[in-house]
Amino acid sequence: MTKERDKTHAFGLSDKEIVDGLRNRDPLITRDYFYGFCRIAYHIYNMRYALEAKEGMDFYSIAHEYYLALDKNDFRQLEDRKPGASLRTWMINGFRFVVLDRLKEYQQNRRMQSFEERMENAHVSFDIPDDNFSEDLRATIREICQYVLGRDSRSSIILQMMFIDGFKGREVAAQLGISPSAVTQKYHKLMEDVVIPYFKRYYVAPAFTEAPLCALDEQAPKMEEMAPPLLSFIKQKLSNMNRDISKRITPPRISSLREGEIFVFGSNLAGMHGGGAARAARLYFGAVLGNGDGPQGQSYAIPTMQGGVETIRPYVDKFIDYAKAHPEQTFLVTPIGCGIAGFSPEEIAPLFRDAVGVDNIHLPKSFWNVLTGDRS
């Protein structure tokens, strides 16, 4: 018996058996050992670096990045460890490198400002007069909540409670039943990804703006004469969008595919394809057991079972890039994550916001409803 075989863990598995199980995508070994070791590592480095309080530093996000790095190299990094080093210690040290890379990015690009700091400095960032800022910002938030995020979504509730109603982050957290750090992370992401770009586009001062959409009408008032009529812009934009997407709605049931059509389904990292759309993909559209990510046959797998919504985002982004690179194909996205994975369209649909302008991506009507604010 080799020394490698002598290094046993719970249930009698050796280091070599664990590595082989990870390489073969054994779901139990992946869950109990990979994520088990990662949880130990996260606890250690969370105490050292306060990871939970930092955006993008949640457990599943880091563990998932670590898994992809190992999987990309067929887990050879785990076999190349120093002589005498246990697999557990080696994996915990490897997890640390991912953490350090994330911390470097966080310090450079994700320095968070408090709500009060943003309110104090926003008129400088947005290039609008001080006396217009407060009311214009509130109007922006109301319209974002109604027309972009959906009035009843969790994101809208956070924005409305903090911006319009004046609640503190901890009060919002108590109302929603989540942690204050989760509210903080969500708030800052909404500010950077949605609120600031939206505000700068529609509410900048005349000297810094292009003509609004309604200026295409010869009778429309000029920018110098009035504030931008944002509500009419949004309604027109949504009307155009609804016309554009009428032919890009995934059928509720798909029993066959035309040439060039691709069935996009939610999967798990182990590629078990045992139920729901994943089972249909395996039985009818060429999905391969053991392959939980990417194109296969006349289908495309997006993992949704590995953690929170943010662990799904990288796979959705990867899919959108793939669809852009294959304009000759039509991708029929099913309601991924909204079955066995237990998410709602309000949680998953925003991940596909960048797909709105990709003509060969079709989305479920429930996703379009969230993306367009149409609750009919």
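Since every read-out is calculated from the coordinates, none of them should be taken as a lab result. All of these numbers come straight from a predicted model, not from anything done at the bench. Cβ sites come from the backbone with ideal geometry, for glycine too, and all protein chains shown count toward neighbours.
The table that follows gives values for the structure above.
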{"read-out": "Two-site label geometry, HIS326 and GLU52: point separation in nm, points 7 Å out along Cα→Cβ", "value": "4.1 nm"}
{"read-out": "Difference of contour (0.36 nm per residue) and Cα-Cα distance, SER246 to ASP71", "value": "59.1 nm"}
{"read-out": "Cα-projected label distance for HIS43 with GLU79, points at 7 Å along beta-carbon direction, nm", "value": "3.1 nm"}
{"read-out": "Environment charge of VAL98, counting only residues whose C-beta is closer than 12 Å and scoring Lys/Arg +1, Asp/Glu -1", "value": "0"}
{"read-out": "Projected label distance in nm at ILE196 and ASP20, using a 7 Å step from Cα toward the beta-carbon", "value": "5.2 nm"}
{"read-out": "FRET efficiency for LEU283 and ARG138, using Cβ-Cβ distance with R0 set to 45 Å, rounded to 0.05", "value": "0.30"}
